[in-house]
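This report refers to the structure that appears directly beneath it.
The values are calculated or read from the model by the stated rules, or taken from the named source; none is laboratory data. All of these numbers come straight from a predicted model, not from anything done at the bench. All Cβ positions, glycine included, derive from the backbone under ideal geometry; neighbour counts span all protein chains shown. These accessible areas exclude ligands, DNA and RNA; they are computed on the full protein's heavy atoms, side chains included. Shrake-Rupley method; radii C 1.70, N 1.55, O 1.52, S 1.80 Å.
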Amino acid sequence: MNGVFSLIIGWVLDLVFGDPSRLPHPIVWFGKMIALGEHRLNKGEHRKLKGALLAFFLIVLVFTVTCLLHSLLFTLHSPLSIAFDVIIIFYCLAGTTLIREVREVFLALDRSLDEGRRQVARIVGRDTSELSAQEVRKAALETLAENLSDGVIAPLFWLALLGTPGMLAYKMVNTLDSMIGYRTERYKEFGCWAAHIDDVANYIPARLTALLMVLAFGRISLLRFVTKYGHCHASPNSGYPEAALAGILDCRFGGPHYYFGELFDKPYIGENDRELSTADMKTAVRINRTAEVLMVICVLLRYLFL
C-alpha cells in the first residue's frame, strides 16, 4: 500500500504545483553532471566509447544511490521512505508544467509571432527564429504529444517496473538523450549510446502512450492511423504519440526543421495540412490529461493486485 499512497500524493502534488522551479531539482543536477562529463570526455579519440561509459555510469549511479537511500530511510523509519518516494514521483512527473508551457505558447502567439517563437523555444530543441505561426503551433503540439510519453507515461511505466529508483534512472536516461543524443557533428559519436539507450527505454512507453491517447479520445479505429504513421519519424518512438495526436486532430505534423543550424528533413505524419488553432490545443490538453489519468490508474492497479 505504500506505493499507492506515494503515487497518489506525488501525482496530486504535480497536478497542483507542476515543476518546483524555486526548489533544487534533480534534473538540473543531472544536467550539470552530464555537461561536466561531456566537456571532459567529448574530445580526441574513442568518443563513442567514452560517451557510452559516461551514459552507463550515470544511469547506474542514479539507480544505485536511489536504492541505497530508499533502503536506509526505510530502515530508519518507514514513513521516511514513503516521503522519499513522494518527492521522487513529484519531481519526475512533468505533465502539469508541460501543459502550462504549451498554453503559454498559444497565448504568446496571440500577442505576436515573435513572442510565440520565444515561448516555444523554451520547450523545443529546433531553431525557432524563422518559424511561421502555424509552425509554432505545430512545434508546441508535437512537443506536447512527445513529452506526454517522456514526461509522464514513461516515468510511470518505469515506476511500476522498478520503483522510484527505476523512475529516477529513467529521467537520467531521458536527460542524457535531450542533452547529447543528437546526430550533429558534435554529438553524433559521443551521444549515440545515450540516444540508443533512450530508444530502448521508451520503446514500450511510446506505444503505450499512443494507445492511451486513442482510448482517451474514444475512437479505437485511429490505431490504424497510428500504425501507418508512427514509424514516420527520425526517432523510433516519438512518432507514435505524435501520430496519435495528429490522428485525433486530423492534422499533419513533421517536415523539415533546423537543429543547431543543421537542416533535418523529417517525414510528415498525417496528410491534412490544415491551420491549427487554440481549440486544437485545448483538445490536445484534454487528451493528455485523460491519458495521464488512465496510466495512473494502471499503475495503482499494479500496486494493488500484483
On a C-alpha basis, how far is the centre of region 10-81 from the centre of region 84-121 in Å? Whole number, if you could? 22
Which whole-number value in Å² is the accessible area per residue of region 211-274, probe 1.4 Å? 47
In nm, spacing of pseudo-spin labels at Asp114 and Val200 (7 Å Cα→C-beta vector): 4.8
Ranked by accessible surface with a 1.4 Å probe, highest first, in what order do Cys67, Cys92 come? Cys67, Cys92
For Cys192, tell me the accessible area in Å² from a 1.4 Å probe, rounded to the nearest 10. 20
Keeping every protein chain in place, order Lys282, Lys266 by accessible area at 1.4 Å, biggest value first, i.e. largest first. Lys282, Lys266
Would you list which lysines come within 19 Å of Lys43, measuring only between C-alpha atoms, while excluding same-chain residues fewer than 8 positions from it? Lys32, Lys188
How much of the calculated P(r) for region 210-306 lies past 20 Å, in percent of all Cα pairs? 45
Determine how large the accessible area of Ser71 is when every protein chain is in place; take a 1.4 Å probe and give Å² rounded to the nearest 10. 70
Fully extended, how many nm does the chain gain between Thr64 and Ala133 (0.36 nm per residue separation, minus their Cα-Cα distance)? 20.3 nm
Quick check: with the 1.4 Å probe, what order do Tyr203, Tyr268, Tyr170 take by accessible area, largest first? Tyr203, Tyr268, Tyr170
Residue-wise HN-Hα coupling along region 296-306, computed from phi with Karplus coefficients 6.51, -1.76, 1.60 (Hz; x: Gly, Pro): 4, 4, 4, 5, 4, 5, 4, 5, 7, 10, 10
Just the number: Rg to Rh for the chain, Cα atoms, Kirkwood Rh, two decimals. 0.96
How about region 71-168: which GluC sites (Glu not before Pro) there are in a DSSP loop, with at most 14 other Cβ atoms within 10 Å of their Cβ? Glu130
Give the whole-number value, in cubic angstrom per residue, of the convex hull volume spanned by the C-alpha atoms of region 147-291. 113
Rolling a 1.4 angstrom probe over the protein chains, ignoring ligands and nucleic acids, what is the accessible area of Asp14 in square angstrom, nearest 10? 0
Whole-Hz Karplus couplings 3J(HN,Hα) for region 133-145, θ = phi - 60° and coefficients 6.51, -1.76, 1.60, Gly and Pro as x, run 4, 4, 5, 5, 5, 4, 4, 5, 6, 4, 5, 4, 5
From zero up to wherever the largest Cα-Cα distance of region 19-169 sits, split into 10 Å bins and tell me the percent of pairs in each. 10, 28, 30, 23, 8, 1
Taking H placed 1.01 Å from N in the peptide plane, check which residues at least 5 places from Tyr268 or on another chain put their amide H under 5 Å from its amide H. Gly255
Mind scanning Lys171/Lys282; Lys48/Lys228; Lys50/Lys138; Lys138/Lys171 and naming the pairs with a C-alpha gap bigger than 31 Å? Lys48/Lys228; Lys50/Lys138
